[in-house]
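Notes to accompany the following structure.
No value in this document is a laboratory result; all are computed from the given coordinates. Only a predicted model underlies this, so the values are computations on that prediction, with no experimental measurement involved. As a convention, Cβ positions derive from the backbone with ideal geometry for all residues, glycine included, and neighbour counts pool all protein chains shown.
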Amino acid sequence: MKLNEAQIIDNWNDLLGRIEHQFSGERKDKLLEMYKHFEDRMMFAPASSREHYHNCFPGGYVDHVLRVMDCAFDLYNSWMMQGAHTDNYSVEELMFAALNHDLGKVGDLDNDTYVPNESEWHRKNQGALYTVNPKTEFGLVPDRSLFLLQHFGIKYSWNEFLGIRIHDGMYEEANKPYLVSFNPDSRLRSNLPLILHQADMMASRVEWERWKYGENGLQNVRTLTNTPKAKMMEHVATKPKASPKPEKTPSPASQLNTGADTSKLFDELFK
Ligand SMILES: [Fe+2]
């Protein structure tokens, strides 16, 4: 699996087009400034270092980011259709987090994260086509992503911060306190981080399958190319409103699941 020169350039223009069309004001200008700054490195960066991970080839990074944005958009619609809350975060926040979630994979201010592996043995026997650049100081990808955004003066909301910070879900031990909670007040307040994590997993799996089983045409079905924000919103599904049902008195057993006064019910049933 690899991209030719024209595909790499198309993807790069697609990425810039999305920034141009889906964001606005000072934030858009600063995003464009940062992406232009990294252009030479980012356009050719891989998404991972081993061929059996995902998108381990020149241009793999941008290809992955575009796919994650599309998956996130589709999943947003799926969550909405299932009745999940979508009013405490915006599509723009989701797209911003998806766009920048793996920024740290490109490297630090001066150096690439992944450099071609000079060891033929490791390339052949372990599929390690790239190796981690010893010039870059160790940092978790999401932390480096957030560092780079702040370096370029790009502001982000808490939803966007959290989406990027914990997009690896439970694969990253450090995310556990955000995702495992026994306290109702400390549960995630929005579904954005969960949707982005799902989108990242979906995109990575599709990319792995493309490496494993070959092309399947997904390259050409992207939906968000150069799509203005207003146009995107036309494609956000709206769930048909159900007609109101006549009120029924809930049984004591069903009240256990409604968040009603369960301690009172407990007293009635068992004391
Ligand atoms: Fe990713």
Practice task
Looking only at region 49-83, count how many residues are of a type in the set (K, R) and buried (at least 20 other Cβ atoms within 10 Å of the Cβ).
Solution key: 1
Exercise for the section: Answer yes or no: is there a residue in region 125-136 that is among the small types (G, A, S), in contact with a Gly (Cβ under 9 Å, 6 or more places away or on another chain) and either free of Cβ contacts under 8 Å to residues at least 12 places away in the same chain or closer than 16 Å to S48 by Cα (or both). Expected result: no
Practice task
Find the residue count for region 174-204, including only residues that are exposed (fewer than 13 other Cβ atoms within 10 Å of the Cβ) and within 16 Å of the ligand (Cβ to nearest atom).
Solution key: 0
Practice task
Could you check, for region 43-50, whether at least one of its residues is more than 13 Å from the ligand (Cβ to nearest atom) and closer than 22 Å to D168 by Cβ?
Solution key: yes
Exercise for the section: Identify the single condition in (1) closer than 20 Å to F96 by Cβ; (2) within 17 Å of the chain's Cα centre (by Cα) that L32 does not satisfy, given that it satisfies every other one. Expected result: (2)
Problem - Selected residue (criterion: surrounded by the fewest Cβ atoms within 10 Å (Cβ to Cβ)) from residues of region 85-117 that are more than 16 Å from the ligand (Cβ to nearest atom) and farther than 17 Å from M233 by Cα - result: D110
Exercise for the section: Examine region 132-148 for a residue that is at positive phi and away from the ligand (no atom under 16 Å from the Cβ), and state whether such a residue exists. Expected result: no
